[in-house]
Each structure stands twice: as C-alpha cells, then as structure tokens.
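The values are calculated or read from the model by the stated rules, or taken from the named source; none is laboratory data. All values reported here derive from a predicted model rather than from experimental measurement. Quick reminder, even Gly has a Cβ in these numbers, built from the backbone with ideal geometry, and neighbours come from all protein chains shown. Side chains are part of the model used for accessible areas, which takes the heavy atoms of the whole protein and leaves out ligands, DNA and RNA. Shrake-Rupley method; radii C 1.70, N 1.55, O 1.52, S 1.80 Å.
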Amino acid sequence: MFGLEKPGGQQKPGRSGGLPKMASVGDFNVLSSSIPATKVELSVSCRNLLDRDTFSKSDPICVLYTQAIGNKEWREFGRTEVIDNTLNPDFVRKFIMDYFFEERENLRFDFYDVDSKSPNLSKHDFLGQMFCTLGEIVGSQGSRLEKPIVGIPGKKCGTVIVTAEELGCCRDSVLMQFCANKLDKKDFFGKSDPFLVFHRSNEDGSFTICHKTEVVKNTLNPVWQAFKISVRALCNGDYDRTIKVEVYDWDRDGSHDFIGEFTTSYRELSRGQSQFNVYEVINPKKKGKKKKYVNSGTVTLLSFLIETEVSFLDYIKGGTQINFTVAIDFTASNGNPSQPTSLHYMNPYQLNAYGMALRAVGEIIQDYDSDKMFPALGFGARLPPDGRVSHEFALNGNPQNPYCHGIDGVMEAYYRSLKSVQLYGPTNFAPVINHVARYAASVKDGSQYFVLLIITDGVISDMAQTKESIVNASKLPMSIIIVGVGPAEFDAMEELDGDVVRISSRGRFAERDIVQFVPFRDYIDRSGNHVLSMARLAKDVLAEIPEQFLSYMRVRGIKPSPAPPPYTPPIHVLQTQI
C-alpha cells in the first residue's frame, strides 16, 4: 500500500522561483511513526433492534464513521450489507481498520432500516447509534465490546456487539464448491430452498460469520456455485481452527429454518474431493429427540483450489511504473491570483490550496516513478499571445514536451503559468482525462499505470463528456483523483466518484471504479499545521489506488513480473604490475 513512511528530513534541491523552502510531507519525521501497528477486522452483530416495519421486521444496515483528527468531522468509513427481515443481524461484511496504539480512533456505528435502493441514508429509518473508540473494542475482554444502541429518546434500541480480530497476514485465497444430498424437507408445499453459512471460530470459542452461499430453490440435492474466500477470512491463517457450516432452508420472511450443521477445518478441506470431505449434516435437537435419527442429509466438497493473492507491491517490485500527471483548474472563479482571497494566491510564505494538494499527493506518488518526469497540464485559461481558450495546455509552455522534473518542477511551472495566462473558463475535465487516456491506451501490458490528479475549485461544465471519458478510461490502466479546493458545493463530483453508484454514460457502465474525489477543506488543520493536512489528504486520496490498480490487473489477467535479483557489484580483479 502507499505509505507515508518516506525518509524524514530529505532536503529537496532548489525550490521554485526563489520561494522559501516549503514544508513537505517528506520533511515531517514524526509521520514515519504512523505505520499502523496492525490491522484489525471488526465484526458487527445486533440484538433486539427497533422494529420500524409495519408488516415485517426491519431490514438493517450498519454504517461506520470515523472521526477526523483535526476538525472532528465524522466521515463515512464503510457499510455492511443489508439483511432482510431481522432484529438480530450478524453482518457478514467486515470493516478492516488500521489500529494505532498511540492514537485515539473515534468510531460511530449508525443503524438504519433500509426501505429502498437509495444510497442516501436520509431516505431510510434511523434505528440508533453507538459511539466508542477502536482501543475500547480491542481492549475489551476477548476484544468483544457489547454496548446499548442509543439515539432515539424514550426507546430501547437494542444492543450492538463489535468484535475485533487482529489479521494474520495470509495472502492465500481458496476457491471451493459444495453440493448436498438428501437434505431434510422443510417446506410444506415444495422442497427446501437450501443455503450454507460458514463461521470461523475465535480465540474464545465463539464463532464469527464469514460467508453465505446463494440460495438454491426447491431442491433437497443442491449444487452451490463455487465461491472464493481469503484464508484469512476463513480461519485467520490458522489451518486447524474449527470452521462451522450451518445449512438453512430460506424463507421469504427472514425466519430461515435450521436444517443442520457440521464442522471442519482448513486442513481437512485442503485434502480436496475425497471420502474425508463428505459431511453428515446433524440437527442436534432432532438427534436428541429421535433414537433412529441418522442425519439431515450430507454435504460434499466438490473442489478446493488454492490461489495466492498478489499484492500491489508485488507489481511494484516487478517493475511496474506509476505515471503521475497533474491537471490544474485555471478558471476565473478561482479569483485574481494577485489577491489574497484567490485560491491561486501566490503567498511567498505558504503554499496555497492547489500547491498543498499537488505536493501532498505528488511527493508520495513520485517514489513509484523512476524517471520523476511528470506531465503538468492546465485547463480553463486564455493563453498568450492570442488569448485562445485552452482546456489542455502545458504548464511549462511546451505542448510537445509537457514534462516537468519532479514535484518541484511541476510547482515551478504552475507558478510561472499563473503569471502568463489569463484565468477564464468554462470548467471542462474531459480534455485532460482524454489526454492521459491516450497514453494509457498505448501500454496495456501492466508495465505502466497512470494516475491523473485534477485539482479544481468547482462546478464542472462538461458533465456528460466527462462521464463518457471516465467510462472509456475505466478499461485502461489509469485512476483519477479529484481534489476540490475552496468553498463550492461539490455534489457533482460525488457523482463521479463511483463508490456508491457506479458511473455510467449513454447506458454503458464503467468497468471499474477509477475516480476518487475529496474536498480539500475536510483536511485543513485548524491549528495551521499544513504538513498534517497534507499527510491526511495524501493518505485518503491514495488509499483506493492500490485496489483500483489490482482490479485492472485482475480483469486483464496480468501477473506481476518476477522481481529482479538483488544487485551485486561486479568484482574488479586488481592488476598487479610486475
């Protein structure tokens, strides 16, 4: 993953235009201590939630928020799946978080009863919330925190149980397929509608849900689809840890009927299809009541295939280069650069918001680009000498070679452009996205990946063309980071960031999510510590890049090149003169 652990205190060569040396992320040594002590996986369950549905039970979802260090704003971290018709959900989707012993990491768990497909939480019924810190969960007995859900005056909202488990760094995944025979008939009119639920055991003997299969309708002899699960999720890398598998008959109202269960382990499953992997499904209640009870059917493992997951760093080690391009908004809405109110104001003592965003992201990304030559573009300005408006001009004034040397070179070209071009408009993104896409389209073999950083003050003018460009670019080895500066409303940008709803254009959906948008104001440190603002910004905007990168490589079936052997200097034979 991209880290902030750059060597501290590096002196950068001559900074732009005689300006004093700016604080850079690389100069702030304390950040190197922010390498997470470990990663923990949070599992969430609730008991006795409020019932908000008239004719059935609530359909709950859990939304986790984390609190920013500087401005105390709550930011959404992630959501679980929705579970229909239950007041006692055990959510399958986990939250994986960095755990820092020395930091207070405030968490807020909000619960909603989902009433429609809308991603907008205000459209759903609020079921209450729970506040805690990550340290509180980890420090509880068995790392299991149980707390009442609060937030609706005069109502008992139930309890939430959050369990933290430290992740073993296991990179294997397994592809498994199961079938069953002669399961118990549970439905009055038809046969059963069976599905499997997998649980891994925890250190304290309790179980955590880790996978549900799909439902196979109306059969006592189902064959489920093969599914892939990480070994970490299945057993936390402990091959002898118990795995419990429950078999249920699905019911529309959420009151699924228990057919029976069996236990196994990763080590047993890894023997593959054999007599060892045919399991009797046992219903303990039935077994206790009926003397002649044998079983409630059998479940058979059909296949077991181990796959080693490759990481982002495997590709980097194998020589994949990350190419970084920056595009800066030169539209008139930024304000006159000579005025202190302008977002482009050139203060000799402090970086403006554009400079901070550029440096924050660039200083980390430049470590992954061996030649340190970055194309730097501008859009929305009138260019000398004839005043033509351009949405794709080179900041260094050389359209044939828009490359600048290092982030310092980009900063220098940015300051020089501010003195020579006239801020104008409109705000068009598509030309700069297409510019990078042309380069990305020429190298699809996995040897290069392109990251475009767009820094803008606001409202986009060519939304339809930009969506079309993003959908086209989603097939290419590239990602787009958009940093919004200034006080504008950035609703349209949220639409481009496909986290909630996948972006589409003229009926075509983006192949993968390649856009990450953040408003810079969320990162401004009130105490004026710009280094911290930049560090937080960089951490957030770069967090999605490794997964976006891996999704491209996976879809294209591109494996990392083997890492080159470590360099050994040649041995010089000393010539002795006679």
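Results, tabulated for the structure shown:
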| item | result |
| --- | --- |
| Using distinct alpha-carbon pairs, which all enter the 1/r mean, Kirkwood radius of segment 322-556 in Å | 17.7 Å |
| Relative contact order computed over the chain (Cα-Cα under 8 Å; 6+ residues apart), in percent | 12 percent |
| Average Cα contact separation per residue, segment 44-83, under 8 Å, 6 or more apart, as relative contact order % | 34 percent |
| Whole-percent carbon and sulfur share, accessible surface of segment 322-556, 1.4 Å | 52 percent |
| Extension reserve of the N48-R508 stretch, reckoned as 0.36 nm per residue once the Cα distance is removed | 161.3 nm |
| Distant alpha-carbon pairs in segment 110-233 (separation over 21 angstrom), percent | 64 percent |
| Using alpha carbons only: equivalent-ellipsoid semi-axes of segment 172-308, gyration tensor based, whole Å | 25, 16, 15 |
| HN-Hα J in Hz across segment 486-498 - Karplus 6.51, -1.76, 1.60, θ = phi - 60°, x for Gly and Pro | x, x, 5, 7, 10, 4, 5, 5, 4, 5, 6, 6, x |
| Neighbourhood net charge (14 Å Cβ-Cβ; Lys/Arg +1, Asp/Glu -1) for F304 | 0 |
| 13 Å beta-carbon shell around H211, net charge (K/R +1, D/E -1) | +3 |
| Long-range Cα-Cα pairs in segment 38-167 (distance over 24 Å), rounded percent | 26 percent |
| Peptide ranges 125-133, 331-339 listed from the most packed, as the mean C-beta count within 10 angstrom indicates | 125-133, 331-339 |
| Cleavage-rule hits (chymotrypsin sites (Phe, Trp or Tyr not before Pro)) in segment 334-365: DSSP loop, at most 10 neighbouring Cβ within 10 angstrom | Y349 |
| Listed residues V326, V160, L395: farthest to the positive end of the dipole of the chain (Cβ charges) | V160 |
| Expected 222 nm ellipticity per residue - DSSP helices of 4 or more, -39500 (n - 2.57), all of the chain, to 500 | -5500 deg cm²/dmol |
| Placed amide H near D462: partners under 5 Å, 5+ positions off or other chain | F429 |
| GluC sites (Glu not before Pro) restricted to DSSP loop in segment 101-206 with at most 14 other C-beta within 10 Å | E102, E203 |
| Set of lysines near K182 by C-alpha distance (under 22 Å), chain-local residues within fewer than 8 positions excluded | K191, K212, K217, K244, K285, K286, K287, K289, K290, K291, K292 |
| Using distinct alpha-carbon pairs, which all enter the 1/r mean, Kirkwood radius of segment 183-258 in Å | 13.6 Å |
| Using alpha-carbon coordinates, inclination of helix 353-365 to the longest axis of the chain, degrees | 60 degrees |
| Length added when fully stretched, D462-K156, from 0.36 nm per residue minus Cα-Cα | 105.2 nm |
| Three-way shape label, segment 369-449, alpha-carbon gyration tensor, a/c 1.5 | oblate |
| Residues T300 and D125, FRET efficiency given R0 of 45 Å [Cβ-Cβ distance, rounded to 0.05] | 0.60 |
| Degrees between helix 545-556 axis and first principal axis of the chain (Cα, 0 to 90, nearest 10) | 70 degrees |
| The chain, Cα convex hull volume normalised per residue, Å³ | 229 Å³ |
| Karplus-derived 3J(HN,Hα), 6.51/-1.76/1.60, for each residue of segment 331-338, Hz, glycine and proline x | 7, 5, 5, 6, x, 5, x, 7 |
| Segment 172-308, relative contact order in percent, only Cα pairs under 8 angstrom and at least six apart counted | 31 percent |
| Degrees between helix 406-420 axis and first principal axis of the chain (Cα, 0 to 90, nearest 10) | 60 degrees |
| N347-S270 pseudo-label distance in nm [points 7 Å out on the Cα-to-Cβ vector] | 5.8 nm |
| Pairs of Cα atoms farther than 22 Å apart, segment 460-551, % | 32 percent |
| With every protein chain in place, segment 38-167: carbon and sulfur % of accessible area (1.4 Å) | 50 percent |
| Per residue value of the accessible surface for the chain (all protein chains in place, 1.4 Å probe), Å² | 48 Å² |
| Long-range HN-HN contacts of A327 with modeled amide H, under 5 Å | L377, L453, I454, I455 |
| Projected label distance in nm at N401 and K419, using a 7 Å step from Cα toward the beta-carbon | 2.2 nm |
| Amide proton proximity set for E392, modelled H, under 5 Å, gap of 5+ | G380 |
| Note, ³J(HN,Hα) from phi for segment 187-193, Karplus 6.51, -1.76, 1.60, rounded to Hz, x at Gly and Pro | 9, 5, 9, x, 8, 7, 10 |
